[in-house]
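Asker: Sharing a structure below in structure tokens format, with a few things to ask.
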Amino acid sequence: MTQENIHLEEESDSSSSETTMRTSLTNCTSHLIQDGDLPQIEIPNESDQRFSVLSFEQVKRLSDLMRSVIPIHGRGNFPTIDVKLCDLVTKVRWKLETDYNIHVKDIRLNGSRASSVLVDELISYNDLDLIFSVDLPNNKAYDRVKMAVLDTLIELLPEGVSRKRMSSCSMKEAYVSKMVKVNDSDRWSLITLGNSRSKTVELKFVDSMKRQYEFSVDSFHILLDTLFLFYQCAPSMEISENFYPTVVGESKYNDFSDALTHLCKKLIATRNPEEIRGGGLLKYCSLLVRNYKPVRADEVKSMERYMCSRFFIDFPDISQQQAKLENYLWNHFASTEDPQIKYDYLIILYQVVNESTVCLMNHERRLTLSLIEDLAMSIYNNSQIDYSDNSDTCSTTSSSSNCSLKQLSIPHPPPTSSPSPTQLQPSTNGTTMIPTYEIVTSVQPTVYYSSNNGYYFVSSASPPLQSTGPCMTCSCNQWANTITVTNGQQQSSNPVCS
């Protein structure tokens, strides 16, 4: 038998196998339709510029990701749960719909992992972001969502682990690192699984969310329902270039093609940054330190001013700013990452805040700049970073194109200026971070502290501080009240500037 005949026979066998699998897939779909179990999957209109059908290469990367085994690390002596991502998603959906009567409209992948699926290059990420579209009409629905996730974790415990003494409370303490509950004009809940600093899984259950992205490069949502239908009907079949499911991607930036171009060319673009909680300021500086450049250089100054104004509206107090910044450094800069990039990040942030903050009085801005400076000095001293006087610490097209230590007047260690008496000392040591549980309400959130209902806010750097008096006046002219709940009793603090 000649080599050509062998090749033809292999092609024939492959074609026959694909035909068989197509028939099996068709039969499976028919049975699901008859039984009423076929999910209602709506394929968006391709003429809508928000959407795009993924190529085979993109679908292949997506399938490889969903079939990869991810570890969910437990706290203390709780075992690590190793599970395929697709199995985790399937089990959570089944629990929601079967045990808790919560219909899941669709499931999406977003964040950095969605971006890495769309482009064939390595994009750093610290978590896997999954969105379940559900109805959350009342607080009981939030609790049912939480219980569905915790029940799923119990079922996924490794073999040999006794489940009799496992409660939802113990599973929450062991495997959940953050829970967020938003229940005002926006209605959604976030549960972060895993206590490893390197990788976590974020399950977001969304009823309504007005703003779902910060910048165009993180605006991508990949709809997973067609891929999971393919897995359901052909669990043992590998996708091929001739036979793979139709998967649709969406950009919340409202133009998929433009957003993908920005991602490929490392460009920074956004719309209405004043609508973003925190203004997108910290994310913006993170993009700059990773060599992203603004699309419109002539609009950078205005954009930075909006970002800074919204950041200080949402985090008016120096203790809130410290907690937010330390949390961001902890969550978005991996422990194994070069400490220089973290230092450079703070230098860029110092520059942007110094040059683009217009809503604070001078003494307020100095407090914030001193906080950033002390954090940078702490990282410098702990890491013994070797900076030469002639080297730039970052490359950016921010309002000032270069940001070296000399330009920013941030001294080399030891610091030449003594810290302000009222300034908080940043805690950037290697201690274990406290898991965060919080309730956020509306765009400008009111935060509640509680130890009884399972949702509470705990600063990862220090316990929440009680306000001892009215804050210093700033030019924002916006105010909010913070209500502290301690042992079930509400205590209204003095107004805080927002």
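Here's the yes/no breakdown for (1) in contact (Cβ under 8 Å) with a residue 60 or more places away in the chain; (2) assigned by TED's automatic domain parsing to the domain that holds D314; (3) buried (at least 19 other Cβ atoms within 10 Å of the Cβ); (4) under 25 Å from L329 (Cα atoms):
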{"site": "L260", "(1), (2), (3), (4)": "yes, no, yes, no"}
{"site": "P273", "(1), (2), (3), (4)": "no, yes, yes, yes"}
{"site": "G279", "(1), (2), (3), (4)": "no, yes, yes, yes"}
{"site": "L282", "(1), (2), (3), (4)": "yes, yes, yes, yes"}
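Asker: Answer yes or no as to whether T393 is touching a helix residue (DSSP H, G or I) at 6+ places or on another chain (Cβ under 9 Å), modelled with pLDDT of 90 or more, among the hydroxyl-bearing types (S, T, Y) and farther than 25 Å from R271 by Cα.
Answerer: no
Asker: Starting from residues that are surrounded by fewer than 20 Cβ atoms within 10 Å (Cβ to Cβ) and of a type outside the set (G, A, S), keep the ones in the stretch 284-299 and report whichever is nearest to I372 (Cα to Cα).
Answerer: Filtering first and then ranking leaves R290.
Asker: Give the number of residues within the stretch 102-124 that are part of a loop (DSSP other than H, G, I, E, B), touching a helix residue (DSSP H, G or I) at 6+ places or on another chain (Cβ under 8 Å) and free of Cβ contacts under 8 Å to residues at least 60 places away in the same chain.
Answerer: 5
Asker: Please specify each residue of the stretch 239-298 satisfying the condition of being in a loop (DSSP other than H, G, I, E, B), within 16 Å of A114 (Cα to Cα), under 18 Å from the mean Cα position of the chain (by Cα) and of a type outside the set (S, T, Y).
Answerer: The one that is in a loop (DSSP other than H, G, I, E, B), within 16 Å of A114 (Cα to Cα), under 18 Å from the mean Cα position of the chain (by Cα) and of a type outside the set (S, T, Y): K252.
The values are calculated or read from the model by the stated rules, or taken from the named source; none is laboratory data. What you are looking at is a predicted structure, and each value in this text was computed from that prediction instead of being measured. When we count neighbours, we look across all protein chains shown, and the Cβ atoms used for this are built from the backbone with ideal geometry, even at glycine.
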